[in-house]
Amino acid sequence: MTEHLSLDAAEEPVDLYSEAYYKMIAKSLLEKGNNKRLKAAIEKAKRGDDVTLAFIGGSITHGAGADPLHTGCYAYRTYTAFKERFGKEGGDHIHFIKAGLGGTPSELGMIRYERDVLRDGTVQPDIVVVEFAVNDADDETNGICYESLVRKALGSANAPAVILLFSVFENDWNLQDRLSLVGKHYGLPMVSVKDAVTEQFYMSKEEGNVISKQQFFSDIYHPTNAGHRIMADCLNWLLSETDRLAPNQADIALNKPPVFGNDFANVQLLDRENGHGIAKITEGSFHAADSDLQFAEMDDSPYGTPQFPYNWMHTSESGSDSFIMTLHSKNLLLVYKNSGSDEFGNADIRVDGKLVKVAESQTVKWTRCHAVILYAELNTREHTVEIKMAAGHESKHFTILGFGFN
């Protein structure tokens, strides 16, 4: 906690060295959890071994509200503080993965995990921070997707430490009460930004106020630079406390029933790049490719990366033939593009001849990736999925970004 926060001159600056500030940060430590994996990562860093910190979440993890986004965000700040505290000789052996994507819940995060965090098997993170506490109102399963993502990360062969981070909106809302049950069940470290900042928002300086909502939030959803700094300090407090304590001898236990479910823990991405090796696919009128996609600045890059570039697109000139895919699976999710453009329309989704969903491109009026469950079953069997433009929408656009299956 070394830099000075540049804040609105109309308000009293935040004192980063005050007793009230340290007390606020300390309140964020919801659970220390079983520290065996986190201690192991810290000790690796101290020895000079390669250590990778990975962050997956929504727009806050992406860096929304920070300026500059790629280095002002809480994820990058946490990484640099870890490197300075635990790295050797400049910390070049400490590596950074950031996989935040705005407006998306863990329902999409679990599909993105291998591509965006593991980089298709080329990266094995030692620490994974999961931040979906303000995004998972869009999770159709009310916790199963979140727990599946957590189990997916925990179950990796290199046994990474998983930290659950609970951010907060300006109205004091998040899904911490639901999602923290997953952390308690597996004994995971948990950090609550809500617990740190919310109570003191309503205090006077004499009572312990540190920062106002105006200073913490850039809008009703996202932190300012000051807010991102505080989020990083909350995570760094967990890391410093973990470093101070003796390690747990036993690892966390995964061989027990889930809290909500782990139905999607093995979900994989299927798209145009790998799809023909997994399923039988007839593209029909969805033979174009969409390049007007949601972009996200990954890792410490200041430049956006297009999301789900290996897609199938129906255009106004494509014709009317259905996209048909036959595959063996027990679970299937469709990932499609939302758009604010009136050129985009709706598609009927049929599974084994039965209409199961009408996918509406303009569910939200901006370009984003949207995941929906098409079926979830107990056993694997063959299914045929048909996607066809809805009646009256044949001349509209529609983009299939990919699928999640297992």
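Values in this text are rule-based calculations from the coordinates and carry no lab data. All figures in this text were calculated on a predicted structure; none of them were measured in a lab. Neighbour counts are summed over all protein chains in view; Cβ atoms, including those assigned to glycine, are modelled from backbone coordinates with ideal geometry.
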Check your understanding: Say the dipole of the chain comes from +1 at the beta carbon of Lys and Arg and -1 at that of Asp and Glu; which of Leu378, Asn255, Ser204 then lies farthest toward its positive end?
Key -> Asn255
Check your understanding: Which FRET efficiency, nearest 0.05, do Val358 and Lys280 yield, Cβ-Cβ r, R0 30 Å?
Key -> 0.80
Check your understanding: At what distance in angstrom do the alpha carbon centres of the stretch 130-196 and the stretch 368-406 lie from each other?
Key -> 27
**Study point:** Spatially proximal lysines relative to Lys44 (Cα-Cα < 27 Å; intrachain offsets below 8 disregarded)
**Key:** Lys32, Lys36, Lys83, Lys88, Lys98, Lys152, Lys184
**Study point:** For the stretch 165-302: span of alpha carbons on each principal axis (Å, largest first)
**Key:** 68, 43, 28
Point to revise | log10 of Debye I(q)/I(0), alpha-carbon scatterers only, for the stretch 164-227 at 0.15 Å⁻¹ | key: -0.51
Point to revise | Separation of alpha-carbon centers, the stretch 205-236 and the stretch 239-315, rounded to whole Å | key: 30
Check your understanding: Picking from Thr315, Thr363, Ser329, whose Cα lies most toward the positive end of the charge dipole for the stretch 255-406 (charges on Cβ: Lys, Arg +1; Asp, Glu -1)?
Key -> Ser329
Point to revise | Local net charge near Leu355, Cβ-Cβ under 15 Å (Lys/Arg +1, Asp/Glu -1) | key: 0
Point to revise | Overall Cα dimensions of the stretch 28-127, principal axis frame, Å, largest first | key: 38, 31, 29
Revision key, fill the gap. Computed on Cα atoms, the radius of gyration and Dmax of the stretch 268-405 in angstrom are 14.6, 46
Study note, to complete from the structure: If every Lys and Arg gets +1 and every Asp and Glu gets -1 at its Cβ, then about the Cα centre the chain yields a dipole, in debye to the nearest 20, of 1240
Check your understanding: When the distances between all Cα atoms of the stretch 76-175 are binned every 10 Å from zero, what whole-number percent does each bin get?
Key -> 14, 43, 32, 10, 1
**Study point:** Charge dipole magnitude, Cβ of K and R +1, D and E -1 - the stretch 268-405, Cα centre, debye nearest 20
**Key:** 500
Exercise for review: Determine, for Lys213, Lys337, the number of other Cβ atoms within 10 Å of each Cβ, and report the residues in order from fewest to most.
Suggested key: Lys213, Lys337
Review point. Suppose every K and R has +1 on its Cβ and every D and E has -1 on its Cβ; what is the size of the dipole of the stretch 36-76 about the Cα centre, in Debye to the nearest 20?
Key: 360
Practice item. Take the alpha carbon gyration tensor of the stretch 276-331, find the square roots of its eigenvalues, order them as a ≥ b ≥ c, and report rounded if a/c is under 1.5; if not, report prolate when a/b exceeds b/c, else oblate. Key: oblate
Check your understanding: How do the peptides 248-260, 265-277, 228-240 rank, highest first, by the average count of neighbouring beta carbon atoms within 10 Å per residue?
Key -> 228-240, 265-277, 248-260
Point to revise | P(r), alpha carbons of the chain - 10 Å bins starting at zero, rounded % | key: 5, 22, 30, 23, 13, 5, 1
Check your understanding: Does anything in the stretch 128-153 have its amide N under 18 Å from the 7 Å Cα→Cβ label point of Ile220, and if so which residues?
Key -> 134-138
